[in-house]
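Asker: To start, I am sharing the structure in question, which I have written as structure tokens.
Every read-out reported here was derived from the displayed coordinates using simple, explicitly stated rules and does not represent laboratory data. Please read these numbers as outputs of a predicted model, since none were measured by experiment. Methodologically, a virtual Cβ is constructed for each residue, glycine included, from the backbone with ideal geometry; neighbour enumeration extends over all protein chains shown.
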Amino acid sequence: MIGFYLMTEKGFEVLAAVLQQYGSNAVSFVVAARDGQLQKDFYTEIEMICREHSIPFFNREEKVSVPSSRYRIAISWRWLLSNEEQNLMVVHDSLLPKYRGFNPLVTALIQGDTEIGVTALWAVDEMDAGNIICQSSFNVTYPLTIAGAIRKITNCYTQAVSLIIETVIAGKDLPSLPQDAAKVCYSLWRDEEDYRIQWQQPAAQIKRIIDATGYPYAGAFSMVDGEKLRILAAEETEDITIINRDCGKVLKLVNGKPVVVCGSGLLLLKEVKDKNGADYKFTKMRLRFS
């Protein structure tokens, strides 16, 4: 019935839910790919569940032709796909037309959005500009880590794909609603430099960045004495008046954890790792994060 192009935990969980609810007859094939930017990319899990259910499975890097399918759905997919049959759907990590482009879930968390969700849309040549099939969302309260957000948004993915399958099973046409061009905005791709903390920002903003870039991503970082440290957890503390406010300096240690001066507010760094992934031991107070 439907062919899937899948990556990451979201792709695996959607596939598992589809198989549980509709059985293997609902899946024509699965193409998967590895994601080197994640600590855990769920490629092996996707492959294993396909083998268990005798679903044709393909690695993206294998130059082979996949079976034809009435519809195809791409989840967490990074590459262009042929849409000659005009049957390709994409599930995107935002409530389009907001945050077309890359890493929209991370962007939404950093921006402090109070509603986050997904959009299933028809694929077109222009990035994330196709007509909307359906959307699913949830309300957000902070703090919220990226791992927690992925768990929540995966339910939205499952709801959207289930609605598509139910519509197809019922023999009805899938919706195709144009996006509101006046509300379009974009989220850019991120690389390692975007994980670097800018201490001139408010403490609340920095905390959202730390929470939004942790596992399964590498985590926010800062340099201390020439060493790159990953900052994986932090907590806002009550601000004080600092006449010579020098962002990035350590104000004090609390139970061996540094309190760092931000553009406004202070951050207690609760989990800091060195380049080997070990807890970093702070033995002096006179340190500057940069």
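Asker: Quick one: Cα centre-to-centre distance for the stretch 1-61 and the stretch 215-290, in angstrom?
Answerer: 39
Asker: Which of the trypsin sites (Lys or Arg not before Pro) across the stretch 143-218 are loop residues per DSSP, with 11 or fewer other Cβ within 10 Å?
Answerer: LYS172
Asker: Among the lysines, which have Cα under 24 Å from the Cα of LYS207 when same-chain residues fewer than 8 positions away are ignored?
Answerer: Once the sequence-local lysines are set aside, what remains near LYS207 is LYS40, LYS98, LYS152, LYS228, LYS249, LYS252, LYS257, LYS270, LYS273, LYS275, LYS281, LYS284.
Asker: Can you pull out the chymotrypsin sites (Phe, Trp or Tyr not before Pro) in the stretch 72-105 whose DSSP state is coil and whose Cβ has at most 13 other Cβ atoms within 10 Å?
Answerer: TRP79
Asker: List the relative contact order of the stretch 192-273 as a percent without decimals, with contacts defined as Cα pairs under 8 Å and 6+ residues apart. Please report the intermediate quantities before stating the final value.
Answerer: Details: 152 pairs, mean separation 26.7, N = 82.
Over the stretch 192-273, the number comes to 33 percent.
Asker: Fully extended, how many nm does the chain gain between GLN200 and ASP173 (0.36 nm per residue separation, minus their Cα-Cα distance)?
Answerer: 4.6 nm
Asker: In sequence order, what are the phi-derived ³J(HN,Hα) couplings for the stretch 96-104 according to the Karplus relation 6.51 cos²θ - 1.76 cosθ + 1.60 with θ = phi - 60°, rounded to whole Hz, with x for glycine and proline?
Answerer: With coefficients 6.51, -1.76 and 1.60, one gets 4, x, 6, 6, 4, x, 9, 6, x Hz.
Asker: Dipole of the chain (Lys/Arg Cβ +1, Asp/Glu Cβ -1, origin at the Cα centre): which of GLY101, GLN201, ALA212 lies farthest to the positive side?
Answerer: GLN201
Asker: Also, quick follow-up: With N denoting the number of residues in the chain, provide Rg(C-alpha) divided by 2.2 N^0.38 Å, to two decimal places.
Answerer: 1.14
Asker: Here is a further query. Over the Cα atoms of the stretch 1-133, Rg to Rh with Kirkwood Rh, two decimal places? Intermediate values should be presented prior to the final figure.
Answerer: Details: Rg = 14.8 Å, Rh = 15.5 Å.
Taking Rg over the Kirkwood Rh, I get 0.96.
Asker: With θ set to phi - 60°, apply the Karplus curve 6.51 cos²θ - 1.76 cosθ + 1.60 along the stretch 203-215 and write out the HN-Hα couplings as whole Hz, x wherever there is a Gly or Pro.
Answerer: Ordered by residue, 3J(HN,Hα) equals 4, 4, 5, 5, 4, 5, 5, 4, 5, 7, 10, x, 3 Hz.
Asker: Pick out, in residue order, every one of the trypsin sites (Lys or Arg not before Pro) in the stretch 1-77 that is DSSP loop and has at most 11 other C-beta atoms within 10 Å; say none if there are none.
Answerer: Loop-located and lightly packed - LYS63, ARG70.
Asker: Out of residues 5 or more away from ARG190 or on other chains, whose amide H comes under 5 Å of its own, with H placed 1.01 Å from N in the peptide plane?
Answerer: Those lying under 5 Å, H to H, from ARG190: there are none.
Asker: While we're here: Mind jotting down a quarter of the surface of the convex hull over the alpha carbons of the stretch 192-273, in square nanometres, one decimal? If you can, show how the numbers build up before the last one.
Answerer: Numbers: hull surface 20.8 nm².
Taking a quarter of the hull surface, the average projection is 5.2 nm².
Asker: Rounded to the nearest 20 Debye, what is the dipole magnitude of the stretch 2-187 about its Cα centre when Lys and Arg each give +1 and Asp and Glu each give -1 at the C-beta?
Answerer: 140
Asker: If you don't mind, another one. Mind giving me the nanometre distance, one decimal, between the label points for TRP79 and THR114, set 7 Å out from Cα along Cα→Cβ?
Answerer: In this crude spin-label approximation the distance works out to 4.2 nm.
Asker: List the longest stretch of the chain that has no exposed loop site; here a site is one of the GluC sites (Glu not before Pro) assigned by DSSP to anything other than H, G, I, E or B, with at most 13 other Cβ within 10 Å.
Answerer: Between exposed loop sites, the widest span is 127-237.
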